[in-house]
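Worksheet for the structure shown next.
The values are calculated or read from the model by the stated rules, or taken from the named source; none is laboratory data. From a predicted model like this one, the values you see are computed outputs, not experimental measurements. Cβ coordinates were reconstructed from backbone atoms using ideal geometry, including for glycine residues, and neighbour counts include every protein chain displayed.
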Amino acid sequence: MLGVVFTEFFEMVESKFGYDMVDDLIEMSTSESNGVYTAIGAYPHEEIVEHVINLHKKTEVPIADLLRAFGGYLHSTFATNYSGFFKAADNSFDFLESIEKYIHVEVKKLYPNAQLPSFSSEREGDKVIKLHYESERSMGHLAYGLIEKTMEFYKEPAEVIMENVTEDGSKVTFTITKQ
Amino acid sequence: MSKEIEILKRRLERERAARKQAESILESKAKELYEVNQSLESLVKNRTLQLRQSEKRYRSIVETADDIIYNIDSNGNFSFVNPAGLQNTGYTEQEIIGESFIKVIRDDYKEKVQGFYLDVLNNSKNKTYYEFPIITKMGTTLWLGQNVKIIKDEQGIASFTVLARDITKRKITESELLLAQNKLQKSELKYRSIMENMELGLLEVDNDGNIIKPYPRFCQMVGYTEEELIGKNAETTFLNSEEEIAAAKKRNETRLENKSEVYESKIRRKDGSLVDVIVSGAPFHDPYGNIIGSIGIHYDNTATKKLTAEIKEARFIAENAQKAEAEFLANMSHEMRTPLNAIIGMSHLLQDATLNPDETEYLDILSISANVLQNLISDVLDLSKIDAGKLELQHKPFDLLKLINNLERTFALKLEEKNVSIKTVTNFKQEHLLVGDELILNQILMNLLGNAEKFTSHGHIIIYLTEKESTDKHLNIELAVEDTGMGMSPSQLEKIFEQFKQASSEIRQEYGGTGLGLAITRKLIGLLDSEIKVNSQEGVGTKFYFDLSLEKTDIEIGKVQAHLDKKIEFSKVDLPVLVVEDNPMNQKYITKLLEKWRFDYHLAHNGKEGWEMTLENKYAMIFMDFQMPIMNGYESTAKIRQEGNPNFTTPIIALTASTLLSKKQNALDSGMDDFLSKPFNPKQLSEVIIKHLPNTDSTVPTETTDQDAGSLGAFQFSRKLDFTYLEENYGDDLEYYLDIIDTFLSIIPSEMELIHENSTNKSFTEVAGLLHKIKPTFTMVGAPEISKEFEHLEKSAKNNEESVFSEIKTITGKVDELISEIKKEKGIVQHFLTQNDKR
């Protein structure tokens, strides 16, 4: 998993719960990385899962909420650091469609080893679009947060409904309906 | 506090570790980048090299290409032209780059080319190929065929890359071909239209005879429309019978052998009527030379056919009419001549009677007048016969002087009442009979004298008989009739020899006549191979004259009668002669002569009687009249010529008053051996007898035997002369030699005199003429070397060489010597001949 996800995760934990929490999570972790993360590096996916579970244990906030919140946090980082991607699309749906076709293609160029989820899309009329998320990591809720913030970013109020297609959450469908 | 420090410591630791981690990642990334960069550089280097090579390759292609390659920039100016382009157009790079493309296009194509490429540009057309002419720097036309690549920049402004080819040769060939095709089409059209205008119907059919194209005139000819005919079979449509169709099939076969032909045919029109046509049929070919059908040119021959039939009919009628006319003339001639024969015949018999001089003269006049009458009757007949080429020219011995004298006497009698005298003037001393057509000559002179008599009221008429040249075989004379009559003007002279034309209409009124006389005369003289000439002066008189060449015989004048008598008396004929003749007077004439010549004869009064007599007696000879009652001469002859008749081979001589050759041919065809035209004289009769009874002639001695008996051959010609030549030419005729000598001696001295005179006057032309004239004479008397010298002198004289006059003086001596030699020779010849006569 890309280093940026870890650094951003700990940035968010520090800002919400203070560095003590960050320290606790690292101390609790059994991972090899030992809490040393850099945005340009790449680390095993299991480590973030361990950190999220430990945070849940410590704060008793449900994991889904934690991931959804983290998605929202990640979005603002992306919107700042990678504004070009957002500018390239005029509206939310165009942007959502461009994730798979454009953004992920560019990410692969920088990080050839990155394992990215797939996002296929289908429009249903002017107001509705369906996104099909698919990933072994089953981090649909992270994506949920990202989508919600995207709609806000484009100032297009919308209802976002998330449905698991498979029980393990490796396949999820988002139905986004503009208001 | 320590916990906080612990946490901070750990945090610092983590941050440092993360930084180091990041640094090492960055370092490895940088290294990675460097390596990628390195490989990129070499890649770029390679690519650049490849690009350069490729460019070089393309450049060399562009520069060495035979095709013209050029670029046109967005302003329509040349931005690049390859060497082939420069070479073809004759421009240098400096001259053409920056110049407008439109400028080089030939004026008449400028708009077309612009229009074409505008259309390509505006409508994004793929096909950019176009052909057009440009004008080279040399001013010649160059045809280009080009493909264009259009290149648009960001602003959408187009420039062009063009690949063009010189197609001038092809264009020229194309235009020549077009021109030739055009010409061919025009010429074909021209000839078709000519043929159409000539009313020739053209029809094209395929090899099976099915009509491909009928031309308008043909359609008109047969009464069908073009549409009706196309696809129809020509043979079954137009031909009328199985035979004709079969013949057409045969023609089709020969047509496949590439032969053409012309034939006549009848073709059926739409309305069923038939047209006679002349067809010229010929095969025609596709462009590969295969025969794909034939073309027939039809000429409507109906009118010609009809005309031919009419002409045939007309000719048939005309021929019949002509035949009838000839028959009529022949019969008339017979009817008139028979009584005349009797008169002439009886007068001949009277000549044998003893008469006093007055009676003899009356008899002569009687006989001449009868002859005149006969000739007059013949006049019109003759003209038609001459015109028809049927007049038979006689070659018989006759007495020219006697003929002239008789004529003179005849006309003297006529002129007694007028104040006009007639006489004959002649230098002719006749010794022998001449051969010719006495009747024709008589008629010629009769006509001329008759004319003279008619138009002369006072003065004289003179008959001139002038001997011009005489050898032992031939005599050349000039005959002339001169009068002191009214004469004629030059314009009248032009007309007088034309048929039915007289000098003027007044003459016809005053003097009468048919206008045939001089026309006949001229034609008769023409028959004798001569030409009539006339001199005339109004109020003074007229002279008609003509030359005549006659053969001499060896029969001497005056001996004729004795000669004949002797011959016949000597004959010993055992068998009698049969005369088959119905006219009593003719019977008397012929039998009296036979009696006189001591022939036995039998007489039959018609063909039947004659034939019956031939069954009982054998005859030496039979005289057979043509036209007789009961049975005519032809039938009788045919019967006698039947096998078993004792006179099967006896000579039969036809006696005919007809002068028509056809009648005579009839006689020979029916089995007769010869014919005798009535009236005949005793001599003609005796000649026929001698001809067909050769034995009667056997005892008559000839002059040749006389000569053989003598010793003339022993004469020695002078050795000073060319005796070989003299012997060859005069060896058997010394008298002729003597004649030549006399002539020589009489002319040479005076001629030499003339030469001397002209020689003194130095007149070259005259001298040359005189030398030429007497030159051959010396050879004739055996001095050919003098002839040669004269020839040489003649040349000198012609070239105006002064030397000729002195040379003439030299040769005169030689000629004088020759003259004295010839005089000696003359004496010797005369002596020799006298000696021989005595023997």
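Residues being of a type in the set (Lys, Arg) and at pLDDT below 80: count how many of those fall in the range B:397-428.
Residues meeting the conditions: 1.
All but one of (1) within 13 Å of chain B (Cβ to nearest Cβ); (2) closer than 22 Å to A:Ser138 by Cα hold for A:Leu74; state the number of the condition that does not hold.
Tallying (1) within 13 Å of chain B (Cβ to nearest Cβ); (2) closer than 22 Å to A:Ser138 by Cα, A:Leu74 fails exactly one: (1).
Exactly one condition in (1) part of a helix (DSSP H, G or I); (2) within 12 Å of chain B (Cβ to nearest Cβ); (3) surrounded by 19 or more Cβ atoms within 10 Å (Cβ to Cβ) is not met by A:Glu8; state its number.
The one condition A:Glu8 does not meet is (2).
Looking at B:Thr542 and the list (1) at pLDDT 90 or above; (2) β-branched (Val, Ile, Thr); (3) in contact with a helix residue (DSSP H, G or I) (Cβ under 7 Å, 6 or more places away or on another chain), which single condition is not satisfied?
Condition (3) is where B:Thr542 drops out.
I'd like to verify a number: residues in the range B:190-205 that are exposed (fewer than 14 other Cβ atoms within 10 Å of the Cβ) and under 20 Å from B:Asn252 (Cα atoms), how many?
Result for the range B:190-205: 0.
Quickly run through the range B:221-238 and pick out the residues that are part of a helix (DSSP H, G or I), out of contact with any Cys (no Cβ under 7 Å at 6 or more places or on another chain) and exposed (fewer than 15 other Cβ atoms within 10 Å of the Cβ).
Correct list: B:Glu227, B:Thr236.
Within the range B:393-428, how many residues turn out to be free of Cβ contacts under 8 Å to residues at least 24 places away in the same chain, outside any helix (DSSP H, G or I) and more than 19 Å from B:Asp483 (Cα to Cα)?
Going through the range B:393-428 one residue at a time, the tally reaches 0.
Can you name the residue in the range B:352-391 that is assigned to a loop (DSSP other than H, G, I, E, B) and loosely packed, with under 14 Cβ neighbours inside 10 Å and is also modelled with the highest pLDDT among such residues?
Filtering first and then ranking leaves B:Asn356.
Going by the conditions given, is B:Ser759 among the small types (Gly, Ala, Ser), within 14 Å of B:Ile819 (Cβ to Cβ), assigned to a helix (DSSP H, G or I) and in the same structural domain as B:Val829 (by TED's automatic domain parsing)?
Taking the combined requirement at face value, the residue does not satisfy it.
Cβ-Cβ distance below 9 Å, separation of 6 or more or different chains: which pairs start in the range B:107-129 with a residue that is at positive phi and end on one that is not in a helix (DSSP H, G or I)?
Filtered contacts from the range B:107-129: B:Ser124/B:Ile150.
Across the range B:249-268, which residue is surrounded by the fewest Cβ atoms within 10 Å (Cβ to Cβ) among those that are modelled with pLDDT of 85 or more and in contact with a helix residue (DSSP H, G or I) (Cβ under 8 Å, 6 or more places away or on another chain)?
B:Glu261
Out of all the residues in the range B:202-238, which are over 16 Å from B:Phe284 (Cα atoms), in contact (Cβ under 8 Å) with a residue 40 or more places away in the chain and either among the β-branched types (Val, Ile, Thr) or not assigned by TED's automatic domain parsing to the domain that holds B:Glu257 (or both)?
B:Val222
What are the pairs with Cβ atoms under 6 angstrom where one residue, in the range B:22-38, is within 18 Å of A:Val36 (Cβ to Cβ) and the other, located anywhere, is not polar (S, T, N, Q)? Sequence gap at least six, or different chains.
Once the first residue is within 18 Å of A:Val36 (Cβ to Cβ) and sits in the range B:22-38, its partners that are not polar (S, T, N, Q) give B:Ala22/A:Ile40; B:Ile25/A:Ile40; B:Ile25/A:Gly41.
Does the range B:788-839 hold any residues that are exposed (fewer than 13 other Cβ atoms within 10 Å of the Cβ) and either part of a loop (DSSP other than H, G, I, E, B) or in contact with an Asp or Glu (Cβ under 7 Å, 6 or more places away or on another chain) (or both), and which are they?
The answer is B:Asn799, B:Asn800, B:Glu802, B:Arg839.
Would you be able to say whether some residue in the range B:35-57 is surrounded by 10 or more Cβ atoms within 10 Å (Cβ to Cβ) and within 14 Å of chain A (Cβ to nearest Cβ)?
yes
Is it fair to say B:Leu668 is modelled with pLDDT under 80, more than 19 Å from B:Gln587 (Cβ to Cβ), among the aliphatic types (A, V, I, L, M) and crowded, with 20+ Cβ neighbours inside 10 Å?
When the stated conditions are applied, B:Leu668 does not pass them.
Which residues, taken from the range B:765-787, are part of a helix (DSSP H, G or I) and touching a residue at least 60 places away in the same chain (Cβ under 8 Å)?
Residue satisfying the conditions is B:Pro784 alone.
Could you check the range B:1-21 and list, in sequence order, the residues that are out of contact with any helix residue (DSSP H, G or I) (no Cβ under 8 Å at 6 or more places or on another chain) and at the interface with chain A (Cβ under 7 Å from one of its Cβ atoms)?
B:Ala17, B:Ala18, B:Gln21 - these are the residues of the range B:1-21 that are out of contact with any helix residue (DSSP H, G or I) (no Cβ under 8 Å at 6 or more places or on another chain) and at the interface with chain A (Cβ under 7 Å from one of its Cβ atoms).
Taking into account only those residues within the range B:86-105 that are under 17 Å from B:Arg165 (Cβ atoms) and without any contact (Cβ under 8 Å) to a residue 40 or more places away in the chain, which is surrounded by the most Cβ atoms within 10 Å (Cβ to Cβ)?
It comes out as B:Phe101.
Considering only residues that are charged (D, E, K, R) and surrounded by fewer than 16 Cβ atoms within 10 Å (Cβ to Cβ), look in the range A:13-42 and name the one that is farthest from the other protein chains (Cβ to nearest Cβ).
So, considering only residues that are charged (D, E, K, R) and surrounded by fewer than 16 Cβ atoms within 10 Å (Cβ to Cβ), the one farthest from the other protein chains (Cβ to nearest Cβ) is A:Lys16.
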